[in-house]
Amino acid sequence: MLSKLIKASVAICVSMLVSVAAQAQSYDFVLLAASWQPGFCVTHSSKPECQNLKGTYAATHLSLHGLWPNAYDGNHPQYCNVPQKDIDLDASSAWCSMDSYGASSSTLSVLSTYMPGVQSCLDKHEWFKHGSCSTKTADNYWGDASSLSNRLGQTALNTLIANNIGKTLSRSQLLAAANTSFGSSGSSAVSLKCTKTNGVSYLTEVWVNLNKNNLSQFPASTSLVTNANVAGTCPSSNIFIAKP
């Protein structure tokens, strides 16, 4: 009798774990988190990717922070089927000590252009925390992310930012460029992130909410999710575009 109860309890636990794993891999849309690397480097100057920023792609283009599977209810899936060791290393920011995860050398070579943070093993952090929940292979996940970054870098929004390095822009100017880039409702899919230091609000990130099934259509309006309500942190004016 006891043996049967133990077996039943184990079966229930296994069933619960499977259910949790399935729920963890369910998401509604993806968020493309793009960095304005010169702004990021204002407060992270010691990072390897900030040491030689001039002349790189990220000096004049929005670069890749991450591609995050997100849920409308805010319960975003993270660390799907990830070993506890890697979760612990991630929590302590020991990213370069985390396990290899199967991305090919050619994938990582392309990714390093669009994600300068690869120099700090940002790709490992992003893969284990977010990419593991994408239901895609590492190569396909980063292939999507690199392609999206490339296309974002060709938009009017990127041009506006790059043409105003060392100057300030207003939130309305940036959102108008988003509408030009992504269609008339483009600004509803975009969140602007700023970091204020020494009294200056630096543009650090642009987040774009995307339909997980229409990524290949980006930057067309059909690729956007406009009802995700992801808040921005930039003021209405005097958003400084940092120099590399």
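The values are calculated or read from the model by the stated rules, or taken from the named source; none is laboratory data. Please read these numbers as outputs of a predicted model, since none were measured by experiment. Cβ placement follows ideal geometry from the backbone for every residue including glycine, while neighbour counts extend to all protein chains displayed. The area values use the complete protein model at the heavy-atom level, side chains included, leaving out ligands, DNA and RNA. Shrake-Rupley method; radii C 1.70, N 1.55, O 1.52, S 1.80 Å.
In this structure, is Gly131 free of Cβ contacts under 8 Å to residues at least 60 places away in the same chain and within 30 Å of Cys80 (Cα to Cα)? Reasoning before the result, please.
Working: free of Cβ contacts under 8 Å to residues at least 60 places away in the same chain: no; within 30 Å of Cys80 (Cα to Cα): yes.
Against the criterion (free of Cβ contacts under 8 Å to residues at least 60 places away in the same chain and within 30 Å of Cys80 (Cα to Cα)), Gly131 does not qualify.
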Of the conditions (1) in contact with a Ser or Thr (Cβ under 6 Å, 6 or more places away or on another chain); (2) open to solvent by 20 Å² or more (accessible area, probe 1.4 Å), the single one that Thr222 does not satisfy is (1)
Some residue of region 212-219 being among the hydroxyl-bearing types (Ser, Thr, Tyr), touching an Asp or Glu at 6+ places or on another chain (Cβ under 9 Å) and open to solvent by 50 Å² or more (accessible area, probe 1.4 Å): yes
Answer yes if at least one residue in region 80-91 is surrounded by fewer than 19 Cβ atoms within 10 Å (Cβ to Cβ), among the acidic types (Asp, Glu) and more than 26 Å from Pro244 (Cβ to Cβ), and no otherwise. yes
With the structure loaded, tell me whether Leu111 is among the aliphatic types (A, V, I, L, M) and more than 21 Å from Gln51 (Cβ to Cβ) or whether it fails that test. no
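Taking only region 60-88 into account, find how many residues are aromatic (Phe, Trp, Tyr) and in contact with a helix residue (DSSP H, G or I) (Cβ under 8 Å, 6 or more places away or on another chain).
1
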Flag for Ser191 being in contact (Cβ under 8 Å) with a residue 40 or more places away in the chain, in a helix (DSSP H, G or I) and out of contact with any Pro (no Cβ under 7 Å at 6 or more places or on another chain): no
Looking only at residues that are in a helix (DSSP H, G or I) and free of Cβ contacts under 8 Å to residues at least 40 places away in the same chain in region 166-185, which one is nearest to Ile241 (Cα to Cα)? Gln173
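Give me the residue from region 195-244 that is part of a helix (DSSP H, G or I) and touching a helix residue (DSSP H, G or I) at 6+ places or on another chain (Cβ under 9 Å) and, out of that set, nearest to His65 (Cα to Cα).
Ranking the qualifying residues of region 195-244, first place goes to Leu215.
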From the options Ser237, Ser170, Ser201, residue that is crowded, with 18+ Cβ neighbours inside 10 Å and of a type outside the set (D, E, K, R): Ser201
Would you mention how many residues in region 48-64 are open to solvent by less than 20 Å² (accessible area, probe 1.4 Å) and assigned to a loop (DSSP other than H, G, I, E, B)? 2
What number of residues within region 115-165 are crowded, with 24+ Cβ neighbours inside 10 Å, in contact with a Ser or Thr (Cβ under 9 Å, 6 or more places away or on another chain) and assigned to a loop (DSSP other than H, G, I, E, B)? 1
Pair list, Cβ under 8 Å, 6 or more apart: region 153-165 residue modelled with pLDDT under 95, other residue open to solvent by less than 50 Å² (accessible area, probe 1.4 Å): none
Can you tell me which condition Cys13 does not meet? The list is (1) at pLDDT 95 or above; (2) closer than 27 Å to Cys133 by Cα; (3) open to solvent by 70 Å² or more (accessible area, probe 1.4 Å), and all the others hold. (1)
Can you report the number of residues in region 41-82 which are under 30 Å from Asn213 (Cβ atoms) and either free of Cβ contacts under 8 Å to residues at least 40 places away in the same chain or of a type in the set (D, E, K, R) (or both)? 3
